[in-house]
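Okay, so here's the structure we're looking at.
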Amino acid sequence: MPVYLLLGDDEERKARGVERLRKDRAVEAYDAAETSPETAVSACNSYSLFGDGPFVLVRNLDSWNAAQKAKILDYLEDPAPGADLVMLGEKLGAREKLLAAVKKTGEVHDFKQPTGKALAKWATGYAKKLGLELPEEVAGELVARCSDDKVRVSREAEKLALYADGAAKMDDLEALVRPDLQSNIFRFVDALGAGNRGEALELLEALLATGEPPLRIVYMVRRQFRLLARAHSLFEGGVSRPEVASALKVPPFVAKKLEEQARKMDEGDLERALTIVLDLEGALKGGSDLRDELQVELAVLKLSEIEGKV
């Protein structure tokens, strides 16, 4: 096959796909954000001194516009014998001509990163290869603490395999795997959405303990509520989760989290929550004599008292 299209957000599997196709050949790699399609086509038409056809790799295909992708379409009309062109990207529209052309003349592979329960199942299998038993509950918590980041999940599983004695317990996880900031932001907003003041305050303490300035944490909470407000409107309008992810420019697992949170809140709740967060921002920027941490705690109490579910 002269051309391959590897799509999706699972960079690890895409990298393994490239290695399988490469077969120990030298790689001529280009970044579409910095390289013209003409350069990639020229590389495909070059000849190796060692007799092998060139193996041309183009990353970040999404950076090329329709006119630039048309140059690749022209090349596919008469591809160079023996040359392999491998293009990596996040996604192509179902109606894009390049997608149809590659399906006709080559191969298209979709490598979507697993999330949620699917990622937890993957983590259990990966841990088994490391000689570690990872119970379902522990695997789920590991995924949550890593915000569905497969690369980090694999790193933390390797750490657990070195530390735990054959089987990972929740205590091992709590000792070794610190929830990342984004994970705690999601949990914090979830706790507010469930009206769980105690858990929200505990998570707030965890956020403040990361050493991040309170104002930065508030910025992230504000962003989360704004995303929620936009997601709520889109989901109410019947927009699908993949379309919401595209519209909000967030990964699929974030869109899934937003959908879950949006179900717990109504438009009025979100508006009131945003007002409280914006008032808090103003206070942290110099509008109050209270300590930053105390101002944030008071705002959390207000958020948890909003009539409804927030």
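The values are calculated or read from the model by the stated rules, or taken from the named source; none is laboratory data. Note that the structure is a prediction, hence the values are computed from the model and not measured. All Cβ positions, glycine included, derive from the backbone under ideal geometry; neighbour counts span all protein chains shown.
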- Note on the structure: Within the stretch 284-308, residues buried (at least 18 other Cβ atoms within 10 Å of the Cβ) and either over 31 Å from the mean Cα position of the chain (by Cα) or in a loop (DSSP other than H, G, I, E, B) (or both) come out as 295, 306
- Query: What number goes with the only condition from (1) modelled with pLDDT of 95 or more; (2) touching a strand residue (DSSP E or B) at 6+ places or on another chain (Cβ under 9 Å) that residue 71 does not pass?
  - Reply: (2)
- Considering only residues of the stretch 154-188 that are hydroxyl-bearing (Ser, Thr, Tyr) and farther than 15 Å from residue 209 by Cα, which is farthest from the chain's Cα centre (by Cα)? 163
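Given 250, 221, 277, which one is in a loop (DSSP other than H, G, I, E, B), surrounded by 14 or more Cβ atoms within 10 Å (Cβ to Cβ) and without any contact (Cβ under 8 Å) to a residue 60 or more places away in the chain?
Being in a loop (DSSP other than H, G, I, E, B), surrounded by 14 or more Cβ atoms within 10 Å (Cβ to Cβ) and without any contact (Cβ under 8 Å) to a residue 60 or more places away in the chain holds for just one of 250, 221, 277, which is 250.
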- When residues of the stretch 261-274 are limited to those that are assigned to a helix (DSSP H, G or I) and touching a residue at least 40 places away in the same chain (Cβ under 8 Å), the one farthest from the chain's Cα centre (by Cα): 268
- Which ones in the stretch 111-126 are surrounded by fewer than 18 Cβ atoms within 10 Å (Cβ to Cβ), modelled with pLDDT under 95 and either of a type in the set (Gly, Ala, Ser) or out of contact with any helix residue (DSSP H, G or I) (no Cβ under 9 Å at 6 or more places or on another chain) (or both)? 116, 118
- Note on the structure: All-but-one check, residue 167 against (1) out of contact with any strand residue (DSSP E or B) (no Cβ under 6 Å at 6 or more places or on another chain); (2) outside the structural domain of residue 273 (by TED's automatic domain parsing); (3) farther than 30 Å from residue 284 by Cβ, failing number (1)
- In the stretch 7-27, what residues are surrounded by fewer than 18 Cβ atoms within 10 Å (Cβ to Cβ) and outside any helix (DSSP H, G or I)? 9, 23, 24, 25, 26, 27
- Note on the structure: Taking the stretch 127-153 and keeping only residues that are in contact with a helix residue (DSSP H, G or I) (Cβ under 7 Å, 6 or more places away or on another chain) and closer than 17 Å to residue 210 by Cβ, one is left with 144, 145, 146, 147
- Taking the stated definitions as given, is residue 33 outside any strand (DSSP E or B), surrounded by fewer than 14 Cβ atoms within 10 Å (Cβ to Cβ) and under 21 Å from the mean Cα position of the chain (by Cα)? yes
- Among the residues of the stretch 224-247, the number that are surrounded by fewer than 21 Cβ atoms within 10 Å (Cβ to Cβ) and either of a type in the set (Ser, Thr, Tyr) or under 18 Å from residue 301 (Cα atoms) (or both) is 3
- Query: If you go through the stretch 36-45, how many residues are touching a strand residue (DSSP E or B) at 6+ places or on another chain (Cβ under 8 Å) and assigned to a loop (DSSP other than H, G, I, E, B)?
  - Reply: 0
